[in-house]
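First comes the structure, then the notes that go with it.
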Amino acid sequence: MISFHSLEDRIVKTVFRRYAQGCTCPKMLPRCVCGNKPRVRILTGKPVMAGGDEVATNPRARSAKVRAVEKL
């Protein structure tokens, strides 16, 4: 997913985290009763951004952030 604004990046990050989380049970329960499994695995912990040479040739790439997940 490519985002160009911080608001877009925040939405992408929260959705990816929610899909990567398995159990949604409260922490006070001794074991999982919901049975939810993670839907994706996050491949990039931090967003991948353009390097200096790429920004020099393509100024629009300056604000682009790429995040990736793998569907399970």
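Each value in this text was obtained by applying a stated rule to the coordinates, not by laboratory testing. Computed from a predicted structure; not experimentally measured. Virtual Cβ from ideal backbone geometry, glycine too; neighbours counted across all protein chains shown.
Entry note, the chain: the mean residue ellipticity at 222 nm calculated from DSSP H runs of n ≥ 4, each adding -39500 (n - 2.57), is -8500 deg cm²/dmol after division by the residues and rounding to the nearest 500.
The local environment of residue 20, defined by Cβ-Cβ distances under 9 Å, has a net charge of +4 under the rule Lys, Arg +1 and Asp, Glu -1.
In this Cβ point-charge picture (+1 for Lys and Arg, -1 for Asp and Glu), the chain has a dipole of about 440 debye about its Cα centre.
Here is the list for region 7-47: trypsin sites (Lys or Arg not before Pro) lying in DSSP coil, each with at most 11 other C-beta atoms within 10 angstrom of its C-beta, are 27, 31. For residue 65, a cut-off of 17 angstrom between C-alpha atoms picks up these lysines, skipping any fewer than 8 places away in its own chain: 13, 46.
A cut-off under 14 angstrom between Cβ atoms defines the neighbours of residue 2, and their net charge, with Lys, Arg +1 and Asp, Glu -1, is +2. Set against the labelled values [x] 1.07; [y] 1.16; [z] 1.43, Rg/Rh (Cα atoms, Kirkwood Rh) computed from this structure falls on [y].
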